Amino acid sequence: MSLSIAIVVEDELSDRVARRLVRHTHREWTVGVRYPLKQLPGGRSNPVNIKERRGMSGFGQIKANLPAFNNAAKTRPYLILTDIDVHVPCPGDLWTKWMARVPQHPNLIFRVAVKEVEAWLLADRSNFADFLEVPVSILPSSIEAVADPKRE
């Protein structure tokens, strides 16, 4: 029997990566609701009511609604995938900063891409080069030295 999991991401690339991660868990999960729905293809009405704020980035919307996602995790698993906040040097510190005084529900899976999801793709040089059909030599060999993986 398949269990529906909700995913919470900043953008379409993170959505694709999160769905791929769910497939690789070897659990009988299917992706149900995806947030932020406004930015993703196939969006529908939003039961958690994501706050609309001018100028708020993807991580800002996730941060603002994290207590609601944590509460919603009582009914189904939630996978949250976000990038590291430039003001927080450690992924563990990001959770502490965002969820101060609120215990994490066991169904809430919180993952932080260091620096960005794009860095994860660039780090898999061989497969990424094959996908792009380019020589692996043109991709950076040390992703940690890349200042802006999204731009790269």
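With respect to the conditions (1) touching a helix residue (DSSP H, G or I) at 6+ places or on another chain (Cβ under 6 Å); (2) more than 20 Å from LYS150 (Cα to Cα), LYS74 lacks only one, and its number is (1). If you scan the stretch 75-92, which residues turn out to be modelled with pLDDT of 80 or more and not basic (Lys, Arg)? The answer is THR75, PRO77, TYR78, LEU79, ILE80, LEU81, THR82, ASP83. Note on the stretch 101-114: among residues that are surrounded by fewer than 19 Cβ atoms within 10 Å (Cβ to Cβ) and modelled with pLDDT under 90, the one that is nearest to VAL17 (Cα to Cα) is ARG111.
Considering only the stretch 121-140, state which residues are surrounded by fewer than 15 Cβ atoms within 10 Å (Cβ to Cβ) and in a helix (DSSP H, G or I). Residues satisfying the conditions are SER126, ASN127, ASP130, PHE131, LEU132, VAL136, SER137, ILE138.
The values are calculated or read from the model by the stated rules, or taken from the named source; none is laboratory data. If you're wondering where the values come from, they're calculated on a predicted model, not measured in any experiment. Reconstructed Cβ throughout: ideal geometry from the backbone, glycine too, with neighbour counts over all protein chains shown.
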